[in-house]
Amino acid sequence: MNWIELTETSTLSELIANTATKPCIIFKNSTTCYISKMALRNFEQSFTNPTQVDCYMVDVKKNRLVSLDIADRFQVQHESPQLLLIADGKVVFHTSHEGIDGTETEKLLLRLS
């Protein structure tokens, strides 16, 4: 899986603008959390990216300000692991922990296209 590391809030603004034409996924991950590692592994094993969206990864430990900015901009509670599906500048779906499922995310993406 080709993750694009999201490390700057300025990149977040550009990402949001780009969702006017193409949705994207943001995965908030803690590299020191076992649950986060499991959720990421399960997602990567079940997600084939059928619509070729950009997939962004935020390391919530290294890039805490970006993670908090995401929570603030989209008015979602900060969690890790957490998956957000962004389209037209808005969160159209978000989930965390065991709710993160690649197959279900694919179904949502196919409905958006």
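Some points to look at:
- Counting only residues that are closer than 20 Å to THR95 by Cβ, open to solvent by 30 Å² or more (accessible area, probe 1.4 Å) and polar (S, T, N, Q), segment 32-44 holds 1 of them.
Listed here are the residues, each with its yes/no results for (1) open to solvent by 70 Å² or more (accessible area, probe 1.4 Å); (2) within 20 Å of THR105 (Cβ to Cβ); (3) touching a helix residue (DSSP H, G or I) at 6+ places or on another chain (Cβ under 7 Å); (4) not hydrophobic (A, V, I, L, M, F, W, C).
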{"residue": "SER46", "(1), (2), (3), (4)": "no, yes, yes, yes"}
{"residue": "ASN49", "(1), (2), (3), (4)": "no, yes, no, yes"}
{"residue": "GLN52", "(1), (2), (3), (4)": "yes, yes, no, yes"}
{"residue": "TYR56", "(1), (2), (3), (4)": "no, yes, yes, yes"}
{"residue": "VAL60", "(1), (2), (3), (4)": "no, yes, yes, no"}
{"residue": "LEU65", "(1), (2), (3), (4)": "yes, no, yes, no"}
{"residue": "LEU68", "(1), (2), (3), (4)": "yes, no, no, no"}
{"residue": "ALA71", "(1), (2), (3), (4)": "no, yes, no, no"}
{"residue": "GLN75", "(1), (2), (3), (4)": "yes, no, no, yes"}
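- Qualifying positions in segment 77-113 - more than 16 Å from ILE35 (Cβ to Cβ), among the β-branched types (Val, Ile, Thr) and buried (at least 17 other Cβ atoms within 10 Å of the Cβ): ILE86, THR105
- Failed item, numbered, when LYS28 is tested on (1) surrounded by 14 or more Cβ atoms within 10 Å (Cβ to Cβ); (2) modelled with pLDDT under 95; (3) of a type outside the set (Gly, Ala, Ser): (2)
Per-residue answers, yes or no, for (1) closer than 23 Å to GLU5 by Cβ; (2) β-branched (Val, Ile, Thr); (3) assigned to a strand (DSSP E or B); (4) touching a residue at least 40 places away in the same chain (Cβ under 8 Å):
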{"residue": "ASP72", "(1), (2), (3), (4)": "yes, no, no, no"}
{"residue": "SER80", "(1), (2), (3), (4)": "yes, no, no, yes"}
{"residue": "LEU85", "(1), (2), (3), (4)": "yes, no, yes, yes"}
{"residue": "HIS94", "(1), (2), (3), (4)": "yes, no, yes, no"}
{"residue": "THR103", "(1), (2), (3), (4)": "no, yes, no, yes"}
{"residue": "LEU109", "(1), (2), (3), (4)": "yes, no, no, yes"}
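- Qualifying residues in segment 1-21 (those that are under 20 Å from GLY102 (Cα atoms) and modelled with pLDDT under 95) - the one least open to solvent (accessible area, probe 1.4 Å): MET1
- Listed here are the strands (runs of 3 or more DSSP E) enclosed by segment 1-61 that have at least 2 residues being of a type in the set (Val, Ile, Thr) and touching a residue at least 12 places away in the same chain (Cβ under 8 Å): 24-29.
The values are calculated or read from the model by the stated rules, or taken from the named source; none is laboratory data. Computed from a predicted model, the values in this text were never measured in an experiment. Note: ideal-geometry Cβ built from the backbone for every residue, glycine included; neighbour counts use all protein chains shown. Each accessible area value is taken on the protein alone, full model and side chains, heavy atoms only, with ligands, DNA and RNA left out. Shrake-Rupley method; radii C 1.70, N 1.55, O 1.52, S 1.80 Å.
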